[in-house]
Amino acid sequence: MASNRSSATAIVPNDLEPYWMPFTANRAFKARPRLIARAKDMHYFTLDGRKLIDAAAGLWCTNAGHNRDPIVAAIQRQAAELDYAPAFQFSHPKAFELASRIAALAPGDLDHVFFCNSGSEAVDTALKIALAFHNVRGNASRVRLIGRERGYHGVGFGGVAVGGIVGNRKMFGALIAGVDHLSTTYNRAEQAFTVGEPEWGAHLADELDRLVALHDASTIAAVIVEPVAASTGVLAPPKGYLQKLRAICDKHGILLIFDEVITGFGRMGYAFAAERYGVIPDMITFAKGVTSGAVPMGGVLVRKHIYDAFMRGPEHVIELFHGYTYSAHPLACAAGLATLDIYREEGLFERARKLETPWAQAAMGLKGLPNVLDIRPVGMTVGIDLASKPDGVGKRGFEALEAAFYDHDLTLRAVGDTLAMSPPLIVSEDQIGEIFDKVGKIIRQVA
Ligand SMILES: Cc1ncc(COP(=O)(O)O)c(C=O)c1O
(Lines give C-alpha, C1' and ligand atoms only; values in the text may rest on other atoms or scores of the structure.)
Protein backbone atom coordinates (compact mmCIF):
# COMPACT_ATOMS: atom_id res chain seq x y z
CA MET A 1 0.00 0.00 0.00
CA ALA A 2 1.29 3.47 -0.84
CA SER A 3 2.51 5.20 2.28
CA ASN A 4 1.37 8.68 3.22
CA ARG A 5 4.69 9.16 5.02
CA SER A 6 7.71 10.78 3.49
CA SER A 7 11.15 9.29 3.77
CA ALA A 8 12.65 12.79 3.66
CA THR A 9 14.36 13.80 6.86
CA ALA A 10 13.33 17.37 7.45
CA ILE A 11 15.14 19.74 9.74
CA VAL A 12 12.84 21.01 12.46
CA PRO A 13 13.60 24.62 13.44
CA ASN A 14 14.27 25.07 17.13
CA ASP A 15 13.21 28.72 17.25
CA LEU A 16 10.23 30.09 15.38
CA GLU A 17 10.44 33.54 16.94
CA PRO A 18 12.86 35.58 14.77
CA TYR A 19 10.97 35.13 11.49
CA TRP A 20 8.24 37.80 11.22
CA MET A 21 5.89 36.09 8.82
CA PRO A 22 4.05 38.03 6.09
CA PHE A 23 0.24 38.26 6.05
CA THR A 24 0.20 35.70 8.86
CA ALA A 25 -1.25 35.53 12.34
CA ASN A 26 2.26 35.09 13.78
CA ARG A 27 1.32 34.14 17.35
CA ALA A 28 -1.27 31.59 16.27
CA PHE A 29 1.14 30.10 13.73
CA LYS A 30 4.02 29.85 16.16
CA ALA A 31 1.77 28.21 18.73
CA ARG A 32 0.67 25.63 16.15
CA PRO A 33 2.96 25.76 13.09
CA ARG A 34 2.05 24.60 9.62
CA LEU A 35 5.44 23.74 8.16
CA ILE A 36 5.89 22.22 4.75
CA ALA A 37 8.95 20.11 4.00
CA ARG A 38 8.69 19.29 0.32
CA ALA A 39 6.33 19.15 -2.63
CA LYS A 40 5.67 17.19 -5.80
CA ASP A 41 3.08 17.82 -8.51
CA MET A 42 -0.30 18.24 -6.73
CA HIS A 43 0.97 17.63 -3.22
CA TYR A 44 2.76 19.08 -0.25
CA PHE A 45 4.44 16.93 2.40
CA THR A 46 4.66 18.05 6.01
CA LEU A 47 7.72 17.57 8.24
CA ASP A 48 6.11 14.48 9.72
CA GLY A 49 5.45 13.13 6.26
CA ARG A 50 1.73 13.78 5.81
CA LYS A 51 0.72 14.23 2.15
CA LEU A 52 -1.56 17.23 1.54
CA ILE A 53 -3.38 17.97 -1.68
CA ASP A 54 -2.64 21.57 -2.70
CA ALA A 55 -5.93 23.20 -3.67
CA ALA A 56 -4.37 26.67 -3.81
CA ALA A 57 -1.37 26.18 -6.14
CA GLY A 58 0.77 27.50 -3.30
CA LEU A 59 -0.36 31.11 -3.37
CA TRP A 60 -2.09 30.98 -6.78
CA CYS A 61 1.28 30.45 -8.42
CA THR A 62 2.36 26.85 -9.05
CA ASN A 63 0.17 26.49 -12.13
CA ALA A 64 2.35 23.74 -13.65
CA GLY A 65 2.40 21.78 -10.38
CA HIS A 66 5.17 21.50 -7.81
CA ASN A 67 8.80 20.60 -8.36
CA ARG A 68 8.38 19.72 -12.01
CA ASP A 69 11.54 18.00 -13.22
CA PRO A 70 12.19 20.22 -16.29
CA ILE A 71 11.89 23.39 -14.20
CA VAL A 72 14.13 22.01 -11.46
CA ALA A 73 16.73 20.95 -14.03
CA ALA A 74 16.62 24.32 -15.83
CA ILE A 75 17.22 26.18 -12.58
CA GLN A 76 20.06 23.86 -11.61
CA ARG A 77 21.73 24.21 -15.02
CA GLN A 78 21.38 27.98 -14.96
CA ALA A 79 22.82 28.30 -11.45
CA ALA A 80 25.88 26.38 -12.57
CA GLU A 81 26.29 28.37 -15.81
CA LEU A 82 25.49 32.02 -15.06
CA ASP A 83 24.40 33.00 -11.58
CA TYR A 84 23.93 36.68 -12.28
CA ALA A 85 24.44 39.27 -15.00
CA PRO A 86 24.00 43.00 -14.36
CA ALA A 87 20.47 44.03 -15.26
CA PHE A 88 21.44 47.62 -16.14
CA GLN A 89 23.40 48.23 -19.37
CA PHE A 90 24.16 44.47 -19.62
CA SER A 91 21.99 41.41 -19.94
CA HIS A 92 21.97 37.74 -20.91
CA PRO A 93 20.28 35.85 -23.77
CA LYS A 94 17.51 34.17 -21.79
CA ALA A 95 16.06 37.56 -20.78
CA PHE A 96 15.36 38.35 -24.43
CA GLU A 97 14.17 34.84 -25.19
CA LEU A 98 11.68 34.90 -22.31
CA ALA A 99 10.41 38.38 -23.22
CA SER A 100 9.80 37.17 -26.78
CA ARG A 101 7.99 34.06 -25.57
CA ILE A 102 5.74 36.03 -23.21
CA ALA A 103 5.02 38.66 -25.86
CA ALA A 104 4.06 35.90 -28.28
CA LEU A 105 1.51 34.60 -25.74
CA ALA A 106 -0.03 38.03 -25.18
CA PRO A 107 -2.91 39.30 -27.30
CA GLY A 108 -2.75 42.25 -29.70
CA ASP A 109 0.34 44.42 -29.75
CA LEU A 110 1.26 43.83 -26.10
CA ASP A 111 4.74 43.07 -27.33
CA HIS A 112 7.30 44.51 -24.90
CA VAL A 113 8.12 43.18 -21.45
CA PHE A 114 9.64 44.98 -18.46
CA PHE A 115 10.85 42.43 -15.89
CA CYS A 116 10.82 42.67 -12.11
CA ASN A 117 10.57 40.21 -9.23
CA SER A 118 7.03 40.15 -7.89
CA GLY A 119 3.47 41.16 -8.51
CA SER A 120 3.86 44.19 -6.27
CA GLU A 121 6.86 45.40 -8.26
CA ALA A 122 4.97 44.73 -11.49
CA VAL A 123 2.09 46.92 -10.36
CA ASP A 124 4.27 49.79 -9.21
CA THR A 125 6.23 49.50 -12.46
CA ALA A 126 3.04 49.68 -14.53
CA LEU A 127 1.77 52.70 -12.61
CA LYS A 128 5.11 54.47 -13.07
CA ILE A 129 5.17 53.64 -16.79
CA ALA A 130 1.65 55.09 -17.09
CA LEU A 131 2.68 58.37 -15.46
CA ALA A 132 5.91 58.56 -17.45
CA PHE A 133 4.13 57.71 -20.72
CA HIS A 134 1.84 60.69 -20.42
CA ASN A 135 4.79 62.81 -19.35
CA VAL A 136 6.96 62.00 -22.37
CA ARG A 137 4.01 62.79 -24.61
CA GLY A 138 3.59 66.21 -23.08
CA ASN A 139 0.58 65.36 -20.91
CA ALA A 140 2.22 65.83 -17.52
CA SER A 141 -1.09 66.81 -15.94
CA ARG A 142 -2.30 63.21 -16.25
CA VAL A 143 -1.28 62.07 -12.78
CA ARG A 144 -4.37 60.50 -11.25
CA LEU A 145 -4.63 56.73 -10.90
CA ILE A 146 -7.93 54.89 -10.59
CA GLY A 147 -8.26 51.54 -8.84
CA ARG A 148 -11.25 49.64 -7.52
CA GLU A 149 -12.72 48.65 -4.18
CA ARG A 150 -11.79 45.07 -3.26
CA GLY A 151 -8.87 45.22 -5.69
CA TYR A 152 -5.54 43.71 -4.60
CA HIS A 153 -2.45 45.00 -6.32
CA GLY A 154 0.28 43.94 -3.94
CA VAL A 155 1.93 45.84 -1.14
CA GLY A 156 4.03 48.59 -2.69
CA PHE A 157 2.82 52.12 -1.96
CA GLY A 158 1.37 52.44 -5.46
CA GLY A 159 -0.33 49.06 -5.34
CA VAL A 160 -1.82 49.67 -1.90
CA ALA A 161 -3.01 53.13 -2.97
CA VAL A 162 -4.92 51.81 -6.00
CA GLY A 163 -5.95 48.68 -4.10
CA GLY A 164 -9.23 48.51 -2.28
CA ILE A 165 -8.66 46.49 0.89
CA VAL A 166 -9.10 48.54 4.02
CA GLY A 167 -6.86 46.36 6.19
CA ASN A 168 -3.97 46.84 3.78
CA ARG A 169 -4.47 50.61 3.65
CA LYS A 170 -5.47 51.92 7.04
CA MET A 171 -2.09 51.67 8.82
CA PHE A 172 0.02 53.27 6.14
CA GLY A 173 -0.84 56.92 6.09
CA ALA A 174 -1.81 58.86 3.01
CA LEU A 175 -0.18 56.41 0.57
CA ILE A 176 0.09 58.29 -2.74
CA ALA A 177 -1.96 61.30 -3.66
CA GLY A 178 -4.47 61.62 -6.48
CA VAL A 179 -5.99 58.15 -6.38
CA ASP A 180 -9.67 57.37 -6.78
CA HIS A 181 -11.61 54.11 -6.84
CA LEU A 182 -14.42 52.48 -8.80
CA SER A 183 -16.97 50.46 -6.84
CA THR A 184 -16.50 46.74 -6.46
CA THR A 185 -18.41 44.75 -9.05
CA TYR A 186 -19.64 42.30 -6.41
CA ASN A 187 -23.20 42.42 -5.16
CA ARG A 188 -24.39 39.30 -3.38
CA ALA A 189 -28.07 40.15 -3.66
CA GLU A 190 -27.77 40.32 -7.44
CA GLN A 191 -25.09 37.71 -8.10
CA ALA A 192 -25.07 34.95 -5.45
CA PHE A 193 -24.28 31.44 -6.74
CA THR A 194 -23.35 32.54 -10.25
CA VAL A 195 -21.10 30.24 -12.25
CA GLY A 196 -18.67 32.36 -14.25
CA GLU A 197 -19.38 35.98 -15.17
CA PRO A 198 -22.53 37.48 -13.60
CA GLU A 199 -25.25 39.03 -15.77
CA TRP A 200 -25.66 41.96 -13.37
CA GLY A 201 -23.17 44.79 -12.99
CA ALA A 202 -21.80 45.99 -16.36
CA HIS A 203 -23.26 49.42 -15.61
CA LEU A 204 -20.74 49.83 -12.77
CA ALA A 205 -18.10 50.61 -15.40
CA ASP A 206 -19.98 53.85 -16.06
CA GLU A 207 -18.59 55.11 -12.76
CA LEU A 208 -15.42 55.82 -14.68
CA ASP A 209 -17.33 58.44 -16.65
CA ARG A 210 -18.47 59.91 -13.33
CA LEU A 211 -14.87 60.11 -12.10
CA VAL A 212 -13.86 61.74 -15.37
CA ALA A 213 -16.63 64.30 -14.88
CA LEU A 214 -15.32 64.95 -11.37
CA HIS A 215 -11.57 65.16 -12.08
CA ASP A 216 -11.44 65.79 -15.86
CA ALA A 217 -9.80 63.33 -18.24
CA SER A 218 -6.77 65.59 -18.60
CA THR A 219 -5.79 64.68 -15.01
CA ILE A 220 -6.21 60.88 -15.23
CA ALA A 221 -3.31 58.65 -16.24
CA ALA A 222 -4.61 55.11 -15.86
CA VAL A 223 -7.20 52.70 -14.53
CA ILE A 224 -6.00 49.44 -13.02
CA VAL A 225 -8.23 46.42 -12.36
CA GLU A 226 -7.85 42.69 -11.98
CA PRO A 227 -9.95 41.09 -14.73
CA VAL A 228 -11.11 38.69 -11.99
CA ALA A 229 -10.51 40.11 -8.51
CA ALA A 230 -9.00 37.01 -6.99
CA SER A 231 -7.47 37.81 -3.61
CA THR A 232 -10.64 39.29 -2.12
CA GLY A 233 -12.63 36.17 -2.87
CA VAL A 234 -12.76 35.49 -6.63
CA LEU A 235 -15.06 38.14 -8.09
CA ALA A 236 -15.64 37.57 -11.80
CA PRO A 237 -16.34 40.64 -13.93
CA PRO A 238 -19.98 41.14 -14.88
CA LYS A 239 -20.67 40.38 -18.53
CA GLY A 240 -19.69 43.40 -20.64
CA TYR A 241 -18.01 45.28 -17.75
CA LEU A 242 -14.42 45.07 -18.98
CA GLN A 243 -15.48 45.95 -22.53
CA LYS A 244 -17.20 49.05 -21.20
CA LEU A 245 -14.15 50.07 -19.18
CA ARG A 246 -12.02 49.72 -22.31
CA ALA A 247 -14.41 51.90 -24.32
CA ILE A 248 -14.52 54.63 -21.65
CA CYS A 249 -10.72 54.62 -21.32
CA ASP A 250 -10.41 54.96 -25.10
CA LYS A 251 -12.88 57.81 -25.17
CA HIS A 252 -10.82 59.77 -22.65
CA GLY A 253 -7.24 58.78 -23.51
CA ILE A 254 -6.83 56.90 -20.22
CA LEU A 255 -4.55 53.86 -20.10
CA LEU A 256 -6.14 50.59 -19.02
CA ILE A 257 -3.98 48.21 -16.96
CA PHE A 258 -5.05 44.62 -16.28
CA ASP A 259 -3.39 43.18 -13.22
CA GLU A 260 -3.06 39.54 -14.27
CA VAL A 261 -0.72 38.43 -11.50
CA ILE A 262 -3.21 35.68 -10.68
CA THR A 263 -5.34 35.46 -13.83
CA GLY A 264 -2.33 35.08 -16.15
CA PHE A 265 -0.73 31.83 -17.29
CA GLY A 266 -3.74 29.62 -17.60
CA ARG A 267 -5.78 30.31 -14.49
CA MET A 268 -8.69 31.56 -16.62
CA GLY A 269 -8.13 29.04 -19.44
CA TYR A 270 -5.94 31.29 -21.56
CA ALA A 271 -2.43 32.71 -21.38
CA PHE A 272 -4.07 35.91 -20.14
CA ALA A 273 -7.63 36.67 -19.07
CA ALA A 274 -7.56 39.56 -21.56
CA GLU A 275 -8.03 36.90 -24.22
CA ARG A 276 -10.95 35.27 -22.39
CA TYR A 277 -12.73 38.62 -22.28
CA GLY A 278 -11.70 39.85 -25.73
CA VAL A 279 -10.35 43.09 -24.27
CA ILE A 280 -6.84 44.34 -24.97
CA PRO A 281 -5.54 46.53 -22.16
CA ASP A 282 -2.59 48.88 -22.59
CA MET A 283 -0.54 47.00 -20.03
CA ILE A 284 -0.71 43.62 -18.32
CA THR A 285 1.07 42.93 -15.06
CA PHE A 286 2.09 39.33 -14.38
CA ALA A 287 4.11 37.28 -11.85
CA LYS A 288 3.40 33.99 -10.03
CA GLY A 289 2.58 31.53 -12.85
CA VAL A 290 5.31 32.84 -15.15
CA THR A 291 7.78 30.58 -13.30
CA SER A 292 5.12 28.36 -11.71
CA GLY A 293 6.25 29.91 -8.45
CA ALA A 294 9.69 28.29 -8.60
CA VAL A 295 11.75 31.50 -8.70
CA PRO A 296 10.43 35.00 -7.95
CA MET A 297 9.64 36.91 -11.14
CA GLY A 298 7.16 39.53 -12.26
CA GLY A 299 6.78 41.79 -15.24
CA VAL A 300 4.74 44.24 -17.24
CA LEU A 301 3.64 43.69 -20.82
CA VAL A 302 3.15 46.99 -22.64
CA ARG A 303 1.66 47.82 -25.99
CA LYS A 304 3.94 48.89 -28.77
CA HIS A 305 2.89 52.53 -28.78
CA ILE A 306 3.80 52.83 -25.12
CA TYR A 307 7.30 51.44 -25.59
CA ASP A 308 7.77 53.50 -28.75
CA ALA A 309 6.83 56.71 -26.95
CA PHE A 310 9.96 56.34 -24.81
CA MET A 311 12.36 55.44 -27.65
CA ARG A 312 13.47 58.90 -28.63
CA GLY A 313 16.15 61.44 -27.77
CA PRO A 314 19.90 60.73 -27.85
CA GLU A 315 20.62 57.02 -28.08
CA HIS A 316 23.11 56.91 -25.23
CA VAL A 317 20.52 58.21 -22.76
CA ILE A 318 18.49 55.85 -20.55
CA GLU A 319 14.86 56.06 -21.64
CA LEU A 320 13.14 54.97 -18.41
CA PHE A 321 14.72 55.60 -15.03
CA HIS A 322 13.35 52.46 -13.44
CA GLY A 323 14.49 48.88 -12.85
CA TYR A 324 15.64 46.35 -10.28
CA THR A 325 18.98 44.68 -9.60
CA TYR A 326 17.23 41.39 -10.20
CA SER A 327 15.12 42.35 -13.24
CA ALA A 328 15.23 39.28 -15.53
CA HIS A 329 17.45 37.34 -13.12
CA PRO A 330 19.03 34.39 -14.96
CA LEU A 331 17.50 31.80 -12.62
CA ALA A 332 14.04 33.30 -13.03
CA CYS A 333 14.42 33.42 -16.82
CA ALA A 334 15.55 29.79 -16.93
CA ALA A 335 12.61 28.78 -14.74
CA GLY A 336 10.24 30.88 -16.87
CA LEU A 337 11.34 29.31 -20.13
CA ALA A 338 11.03 25.79 -18.72
CA THR A 339 7.60 26.65 -17.30
CA LEU A 340 6.32 28.02 -20.61
CA ASP A 341 7.56 24.82 -22.28
CA ILE A 342 5.47 22.75 -19.86
CA TYR A 343 2.40 24.92 -20.41
CA ARG A 344 2.75 24.43 -24.17
CA GLU A 345 3.74 20.76 -24.25
CA GLU A 346 1.07 19.68 -21.77
CA GLY A 347 -1.57 22.06 -23.14
CA LEU A 348 -2.28 23.30 -19.62
CA PHE A 349 -4.19 26.42 -20.65
CA GLU A 350 -6.55 24.33 -22.80
CA ARG A 351 -6.74 21.79 -20.01
CA ALA A 352 -7.89 24.54 -17.62
CA ARG A 353 -10.57 25.48 -20.14
CA LYS A 354 -11.82 21.88 -20.29
CA LEU A 355 -11.74 21.40 -16.53
CA GLU A 356 -13.64 24.59 -15.82
CA THR A 357 -17.07 22.92 -16.08
CA PRO A 358 -16.37 19.87 -13.86
CA TRP A 359 -14.58 22.21 -11.44
CA ALA A 360 -17.58 24.54 -11.25
CA GLN A 361 -20.05 21.66 -10.93
CA ALA A 362 -18.09 20.13 -8.06
CA ALA A 363 -17.88 23.52 -6.34
CA MET A 364 -21.60 24.18 -6.69
CA GLY A 365 -22.25 20.82 -5.03
CA LEU A 366 -21.43 22.54 -1.73
CA LYS A 367 -24.46 24.81 -2.02
CA GLY A 368 -26.79 24.23 0.91
CA LEU A 369 -24.07 23.29 3.39
CA PRO A 370 -24.17 25.20 6.69
CA ASN A 371 -23.15 28.89 6.53
CA VAL A 372 -22.47 28.88 2.77
CA LEU A 373 -23.60 32.31 1.55
CA ASP A 374 -22.17 32.23 -1.97
CA ILE A 375 -20.08 30.07 -4.29
CA ARG A 376 -18.31 31.74 -7.24
CA PRO A 377 -16.43 29.49 -9.61
CA VAL A 378 -14.70 31.09 -12.60
CA GLY A 379 -11.83 29.65 -14.61
CA MET A 380 -9.87 27.30 -12.36
CA THR A 381 -10.71 29.27 -9.22
CA VAL A 382 -13.57 29.52 -6.79
CA GLY A 383 -14.50 31.70 -3.84
CA ILE A 384 -16.84 30.33 -1.16
CA ASP A 385 -18.25 32.84 1.31
CA LEU A 386 -19.08 31.49 4.74
CA ALA A 387 -21.15 33.38 7.30
CA SER A 388 -18.97 34.97 9.97
CA LYS A 389 -19.14 33.64 13.50
CA PRO A 390 -20.89 35.91 15.98
CA ASP A 391 -17.62 36.30 17.89
CA GLY A 392 -15.47 37.58 15.06
CA VAL A 393 -15.05 38.15 11.36
CA GLY A 394 -12.46 35.76 9.94
CA LYS A 395 -12.68 33.22 12.75
CA ARG A 396 -14.63 30.61 10.80
CA GLY A 397 -12.31 31.07 7.83
CA PHE A 398 -9.25 30.60 10.03
CA GLU A 399 -10.76 27.52 11.63
CA ALA A 400 -11.40 26.14 8.14
CA LEU A 401 -7.76 26.76 7.16
CA GLU A 402 -6.58 24.93 10.28
CA ALA A 403 -9.06 22.09 9.83
CA ALA A 404 -7.95 21.69 6.23
CA PHE A 405 -4.29 21.43 7.18
CA TYR A 406 -4.48 19.39 10.36
CA ASP A 407 -7.53 17.20 9.84
CA HIS A 408 -8.14 16.86 6.09
CA ASP A 409 -4.68 16.96 4.45
CA LEU A 410 -5.60 19.91 2.24
CA THR A 411 -4.23 23.40 1.71
CA LEU A 412 -6.51 26.26 0.68
CA ARG A 413 -6.69 30.04 1.07
CA ALA A 414 -8.87 31.66 3.69
CA VAL A 415 -9.48 35.38 3.25
CA GLY A 416 -11.61 36.49 6.15
CA ASP A 417 -14.48 34.01 6.05
CA THR A 418 -14.09 33.33 2.34
CA LEU A 419 -12.39 30.13 1.22
CA ALA A 420 -10.56 30.38 -2.09
CA MET A 421 -9.23 27.55 -4.20
CA SER A 422 -7.12 27.52 -7.36
CA PRO A 423 -5.36 24.20 -7.89
CA PRO A 424 -2.35 23.59 -10.13
CA LEU A 425 -3.65 23.14 -13.68
CA ILE A 426 -2.42 19.53 -13.74
CA VAL A 427 -5.24 18.62 -11.32
CA SER A 428 -7.22 15.53 -12.38
CA GLU A 429 -11.00 15.19 -12.28
CA ASP A 430 -10.62 12.66 -9.46
CA GLN A 431 -8.54 15.15 -7.51
CA ILE A 432 -11.20 17.84 -8.09
CA GLY A 433 -13.69 15.44 -6.52
CA GLU A 434 -11.29 14.79 -3.64
CA ILE A 435 -10.78 18.52 -3.03
CA PHE A 436 -14.48 19.38 -2.84
CA ASP A 437 -15.25 16.30 -0.79
CA LYS A 438 -12.70 17.53 1.76
CA VAL A 439 -13.93 21.12 1.58
CA GLY A 440 -17.49 19.89 2.26
CA LYS A 441 -16.28 18.06 5.37
CA ILE A 442 -14.36 21.13 6.51
CA ILE A 443 -17.40 23.38 6.09
CA ARG A 444 -19.46 20.98 8.20
CA GLN A 445 -16.69 20.76 10.79
CA VAL A 446 -16.54 24.55 11.30
CA ALA A 447 -20.35 24.99 11.35
C1 LIG B 1 -3.62 40.81 -8.67
C2 LIG B 1 -2.38 40.84 -7.83
N3 LIG B 1 -1.50 41.82 -7.99
C4 LIG B 1 -0.37 41.88 -7.28
C5 LIG B 1 -0.07 40.92 -6.35
C6 LIG B 1 1.19 41.01 -5.54
O7 LIG B 1 2.08 40.02 -5.90
P8 LIG B 1 3.36 39.72 -4.97
O9 LIG B 1 2.84 39.10 -3.73
O10 LIG B 1 4.18 38.79 -5.83
O11 LIG B 1 4.05 41.01 -4.75
C12 LIG B 1 -0.96 39.85 -6.16
C13 LIG B 1 -0.66 38.80 -5.19
O14 LIG B 1 -1.45 37.95 -4.89
C15 LIG B 1 -2.14 39.83 -6.91
O16 LIG B 1 -3.05 38.85 -6.73
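The values are calculated or read from the model by the stated rules, or taken from the named source; none is laboratory data. The structure displayed is predicted, hence computed values, not measured ones. Please note: Cβ atoms are built from the backbone with ideal geometry, for glycine as well, and neighbour counts cover all protein chains shown. Remember, those area values only see protein heavy atoms, side chains included, never the ligands or the DNA or RNA. Shrake-Rupley method; radii C 1.70, N 1.55, O 1.52, S 1.80 Å.
A few points about this structure:
- Highest mobility in the GNM of the chain, judged by mean-square fluctuation with C-alpha springs under 10 Å and restricted to Gly269, Gly201, Gly65, is found for Gly201.
- Accessible area, probe 1.4 Å, largest first, for residues Lys441, Lys389, Lys51: Lys441, Lys51, Lys389
- Bridging of Lys367 to aspartates and glutamates at a Cα separation below 19 Å is possible for Glu190, Glu197, Glu356, Asp385, Asp417, Glu434, Asp437, once same-chain residues fewer than 8 apart are set aside.
- Gaussian network model of the chain, springs between alpha carbon atoms under 10 Å - residue of Thr125, Thr24, Thr185 with greatest fluctuation: Thr24
- Accessible surface computed residue by residue for the chain, with neighbouring protein chains in place and a 1.4 Å probe, gives 43 Å² per residue.
- Furthest towards positive pole of dipole, Tyr84, Phe349, Ile375, structure part the chain, Cβ charges: Ile375
- The phi-based Karplus calculation (6.51 cos²θ - 1.76 cosθ + 1.60; θ = phi - 60°) puts the 3J(HN,Hα) values of the range 115-122 at 8, 8, 10, 6, x, 4, 5, 4 Hz, whole numbers, x for Gly and Pro.
- In order along the range 306-312, the phi-based Karplus estimate (6.51 cos²θ - 1.76 cosθ + 1.60, θ = phi - 60°) of 3J(HN,Hα) comes to 6, 4, 4, 4, 8, 8, 8 Hz; Gly and Pro are listed as x.
- The Cα center of the range 149-223 and the Cα center of the range 264-294 differ in position by 20 Å.
- Karplus-derived HN-Hα couplings along the range 259-268 (A = 6.51, B = -1.76, C = 1.60, θ = phi - 60°), whole Hz, x at Gly and Pro: 8, 10, 4, 9, 6, x, 6, x, 4, 9
- Listed residue pairs exceeding 28 Å between alpha carbons, taken from Lys395/Lys441; Lys244/Lys395; Lys170/Lys441; Lys170/Lys395; Lys244/Lys304: Lys244/Lys395; Lys170/Lys441
- The chain: most fluctuating residue of Gly178, Gly138, Gly158 per GNM, C-alpha cutoff 10 Å: Gly138
- Computed helical MRE - 222 nm, the chain, DSSP H runs ≥ 4 contributing -39500 (n - 2.57), nearest 500: -11000 deg cm²/dmol
- Those chymotrypsin sites (Phe, Trp or Tyr not before Pro) in the range 277-330 that DSSP places in a loop and that have at most 13 other beta carbons within 10 Å: Phe321
- Carbon/sulfur fraction of accessible area - the range 1-144, other protein chains in place, 1.4 Å, %: 57 percent
- Taking amide H atoms as placed 1.01 Å from N in the peptide plane, the amide H of Thr418 lies under 5 Å from those of Leu386, each 5 or more residues away in sequence or on another chain.
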